[in-house]
1. Just to be sure before I move on: is E40 under 15 Å from the mean Cα position of the chain (by Cα) and of a type in the set (D, E) in the structure I sent?
2. Can you tell me which residues in the stretch 26-56 are farther than 24 Å from R12 by Cβ and among the charged types (D, E, K, R)?
3. Scan the stretch 1-48 for residues that are over 26 Å from D61 (Cα atoms) and of a type in the set (F, W, Y) and jot them down.
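Since every read-out is calculated from the coordinates, none of them should be taken as a lab result. This is a predicted model, so every value here is computed, not measured. Don't worry about glycine lacking a Cβ; one is built from the backbone with ideal geometry, like all the others, and counts go over all protein chains shown.
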Amino acid sequence: MAKKAQKSIENRVYLFESLASSYVAAASESLSSRDAAERERARSVLAELAYVSCVVADTEDLSAEEVRQRVLSEPRAPGASRKRGGGRKREK
């Protein structure tokens, strides 16, 4: 179990690093803007990229459509159930 968790963490980091580096290059002016609202929007995008990275890394056993639904859904509140796959078994 620890090995799988470590792999998921590594995948999260790799995905976020890849997505975030592209975004930071494109949005460097927004991230360093004097306008606090613009900076906050840019930081919010980075937070969304982190969330997407985690969802994608943690759902490698789901179909592309199921991952899409996870990404588009609201993030779970802290302490909420972390059951993967919505609690249903996938048919093979």
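1. no
2. E29, R34, D35, E38, R39
3. Across the stretch 1-48, the qualifying residue is only Y23.
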